[in-house]
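Q: Attaching a single structure in structure tokens format; questions to follow.
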Amino acid sequence: MDAYAQLIDDNDSLRALIQRWRSTPRNTAALLPDTARALRTTAAAKEEVLYPAIRRHDPDRGALIDDAKRTNAHVEGFLSAAQRLGPDGPGFLDQAHSAAAAADELLLHERRDLFPVLRGKSLRETELARIVDRFHTARAMHEDDVEPPARAAGRIGREGTH
């Protein structure tokens, strides 16, 4: 699989996780920790590696990159609120679903408007492969940095167990 295909595959995998996460209230509660971690580590790695690479290769996309960063900040706000509220908190599903909707829209935006810059004629495949490798390395490093915020006690299972 070439580097661009890896990037698209990563994007599709995250979208699939988001779809599972928001599919039922039970999934929204149960998958919140894993989904929040995936969204946070991916956003941090993109802001560190991918967005600067896109800006370097197409400065005219700067406003789109700035929008992507703002959307990442909104997703973080929704995730933090959902985690503070916990599954039984008022507004939990609203906050979680807002995070999911914003993150999914961002992933579509990146695939349509940002990632194609990395496949442009000005960028050799070997350079793109280095960028994607740095992105994967940064995401793995951020996995250790992402600590989920303390969440309110709440029931996830039918029997009231976590």
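Q: If we keep just the residues of segment 89-113 that are assigned to a helix (DSSP H, G or I) and open to solvent by 50 Å² or more (accessible area, probe 1.4 Å), which is nearest to Val49 (Cα to Cα)?
A: Ranking the qualifying residues of segment 89-113, first place goes to Arg111.
Q: Sticking with this one: Would it be correct to say that Thr71 is touching a His at 6+ places or on another chain (Cβ under 7 Å), among the hydroxyl-bearing types (Ser, Thr, Tyr) and surrounded by 14 or more Cβ atoms within 10 Å (Cβ to Cβ)?
A: When the stated conditions are applied, Thr71 does not pass them.
Q: Another question, if that's okay. What single numbered condition from (1) hydroxyl-bearing (Ser, Thr, Tyr); (2) in a helix (DSSP H, G or I); (3) at pLDDT below 95 fails to hold for Thr71?
A: Single failed check for Thr71: (3).
Q: Are any of the residues in segment 54-63 in contact (Cβ under 8 Å) with a residue 12 or more places away in the chain, surrounded by 14 or more Cβ atoms within 10 Å (Cβ to Cβ) and either closer than 21 Å to Glu143 by Cα or in contact with a strand residue (DSSP E or B) (Cβ under 9 Å, 6 or more places away or on another chain) (or both)?
A: no
Q: I need the full set of residues from segment 99-131 which are in contact with a helix residue (DSSP H, G or I) (Cβ under 8 Å, 6 or more places away or on another chain) and of a type in the set (Lys, Arg), in order please.
A: The answer is Arg111, Arg119.
Q: On the basis of being over 30 Å from Glu125 (Cα atoms), among the polar types (S, T, N, Q), loosely packed, with under 14 Cβ neighbours inside 10 Å and more than 13 Å from the chain's Cα centre (by Cα), does Thr28 make the cut?
A: no
Q: Condition first: surrounded by 15 or more Cβ atoms within 10 Å (Cβ to Cβ) and assigned to a helix (DSSP H, G or I). Now tell me which residues in segment 120-131 satisfy that.
A: Leu128, Ile131
Q: Moving to a separate point now. Across segment 74-88, what is the total count of residues that are assigned to a loop (DSSP other than H, G, I, E, B) and surrounded by 17 or more Cβ atoms within 10 Å (Cβ to Cβ)?
A: 2
The values are calculated or read from the model by the stated rules, or taken from the named source; none is laboratory data. What you see is a predicted model; the values in this text were computed from it and never measured. So basically every Cβ, Gly included, is an ideal-geometry build from the backbone, and we count neighbours across all protein chains shown. Areas reflect the complete protein model, heavy atoms only, side chains present, ligands, DNA and RNA absent. Shrake-Rupley method; radii C 1.70, N 1.55, O 1.52, S 1.80 Å.
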